[in-house]
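**Student:** Below you'll find the structure I mean.
The values are calculated or read from the model by the stated rules, or taken from the named source; none is laboratory data. Keep in mind the model is a prediction, meaning the values are calculated, not measured. Cβ atoms come from the backbone with ideal geometry, glycine included; neighbour counts cover every protein chain shown.
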């Protein structure tokens, strides 16, 4: 490939940045391995090193082969630096590599049990931050998109396998991690048969559902939750996600007309009943949450540490005004899910908290409905971080 002088110089600079990225990877993985070797089982630590290194090397290869794509859409000039967005994307891949290392080993105990949660939380936050940094710095590139696609493809699969390995989710949750691969395999098979696949129209729903699943799986790696609460929550969060994939399959195979499908959902969304139901549901949740928070408070402190007990109280009481008045209601629904998931382990009230988990899941997807005072999360649902609000 013939490159202009400026692009050749830029590519040379990018190769230097790649070497620095490789050095960071070696230092990070090596440092974590030495820590595990001293504080965990030596055999498990070696398994962690092997699996993490394999994915990290893959991440470095993806970065290397994509260096020539470090340009903006519609431009040919290579940018001489990766930029903050792509740098954070690479870091996200390293966190995913660290997460893969835990597969096939027992869940660590004590405070070490929080490490898988921490690594995936950092990966999830990086997924938000990389795009934001790329947009605000005008550094959105095809290289960044390639890294993002690689992380999305592997990240969901790896973390789904891990939460299943830890026994946090049932076997029927596995299609969440495999859905994209099954979808792409189906498209490939249709092409081999000479069938036409139509272009998938843009939809905010896919990004929303992907973000929801990411947030849900982060919580499944927190060692304060356990089945059957996690089984119930996994099933509830799984269904809309898989139904969305099925709907997209009908779109690309031509079984559903995109315009008619969009018009149908627009009519559904305009129904006033869909704003009244969340209002009624949130009032019921507030009543039960208020009643049972007082009843099980002492039992929570017996079940968990003092810190987690105080956290449970804070989340429970914070959720009450948020849902009652519809102020950042989806965050309030998350607080309800966390609070209910922790309290589910108390046998005397498990049925009530099972209902609260179901209601919290619905409110998380629908929002708090009519007479909500402040719902800033609605803008974030339909826009990307770093975009102008009037864009």
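**Student:** Taking only the stretch 17-27 into account, find how many residues are free of Cβ contacts under 8 Å to residues at least 24 places away in the same chain and either in contact with a helix residue (DSSP H, G or I) (Cβ under 9 Å, 6 or more places away or on another chain) or buried (at least 16 other Cβ atoms within 10 Å of the Cβ) (or both).
**Tutor:** The number of residues fulfilling the criteria is 1.
Results for (1) modelled with pLDDT of 95 or more; (2) assigned by TED's automatic domain parsing to the domain that holds residue 210; (3) not in a helix (DSSP H, G or I), shown as yes or no for each residue.
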site: 45; (1), (2), (3): yes, no, no
site: 51; (1), (2), (3): yes, no, no
site: 60; (1), (2), (3): yes, no, no
site: 68; (1), (2), (3): no, no, no
site: 76; (1), (2), (3): no, no, yes
site: 97; (1), (2), (3): yes, no, no
site: 116; (1), (2), (3): yes, no, no
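**Student:** Mind listing whichever residues of the stretch 142-161 are over 16 Å from residue 93 (Cβ atoms) and modelled with pLDDT of 95 or more?
**Tutor:** The answer is 160, 161.
**Student:** Out of 222, 134, 179, 233, I need the residue that is in contact (Cβ under 8 Å) with a residue 40 or more places away in the chain and closer than 30 Å to residue 79 by Cα. Which one?
**Tutor:** One residue alone meets the criteria, 134.
**Student:** Another question about this same structure. What number of residues in the stretch 183-228 are in a helix (DSSP H, G or I), at pLDDT 90 or above and exposed (fewer than 13 other Cβ atoms within 10 Å of the Cβ)?
**Tutor:** Final tally of qualifying residues: 6.
**Student:** For the stretch 99-111, name all the residues that are in a helix (DSSP H, G or I) and modelled with pLDDT of 95 or more.
**Tutor:** Within the stretch 99-111, 99, 100 meet the criteria.
Residues checked against (1) within 24 Å of residue 149 (Cα to Cα); (2) surrounded by 14 or more Cβ atoms within 10 Å (Cβ to Cβ):
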site	(1), (2)
10	yes, yes
32	no, yes
43	no, no
70	yes, yes
104	no, no
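**Student:** Okay, moving on. Determine, yes or no, whether residue 278 is surrounded by 15 or more Cβ atoms within 10 Å (Cβ to Cβ), touching a residue at least 24 places away in the same chain (Cβ under 8 Å), under 30 Å from residue 196 (Cβ atoms) and touching a helix residue (DSSP H, G or I) at 6+ places or on another chain (Cβ under 9 Å).
**Tutor:** The answer is no for residue 278.
**Student:** Shifting gears a bit: Do we find that residue 14 is assigned by TED's automatic domain parsing to the domain that holds residue 113, buried (at least 18 other Cβ atoms within 10 Å of the Cβ) and more than 26 Å from the chain's Cα centre (by Cα) in this structure?
**Tutor:** yes
**Student:** If the Cβ limit is 6 Å and pairs must be 6+ apart or interchain, which residue in the stretch 322-333 that is over 13 Å from residue 286 (Cα atoms) pairs with which residue that is in a helix (DSSP H, G or I)?
**Tutor:** Pairs that qualify, where the first residue is over 13 Å from residue 286 (Cα atoms) and the partner is in a helix (DSSP H, G or I), are 328/322; 330/364; 330/377.
**Student:** What tally of residues in the stretch 230-274 results from selecting those that are more than 26 Å from residue 337 (Cβ to Cβ) and either modelled with pLDDT of 95 or more or not in a loop (DSSP other than H, G, I, E, B) (or both)?
**Tutor:** 14
**Student:** So which residues in the stretch 284-335 are assigned to a helix (DSSP H, G or I) and in contact with a strand residue (DSSP E or B) (Cβ under 8 Å, 6 or more places away or on another chain)?
**Tutor:** 321
**Student:** Does the stretch 47-61 contain any residue that is surrounded by fewer than 21 Cβ atoms within 10 Å (Cβ to Cβ), out of contact with any strand residue (DSSP E or B) (no Cβ under 6 Å at 6 or more places or on another chain) and over 22 Å from residue 150 (Cα atoms)?
**Tutor:** Yes - at least one qualifying residue is present in the stretch 47-61.
**Student:** What are the residues in the stretch 102-114 that are closer than 19 Å to residue 308 by Cβ and touching a helix residue (DSSP H, G or I) at 6+ places or on another chain (Cβ under 8 Å), if any?
**Tutor:** Residues satisfying the conditions are 107, 108, 112.
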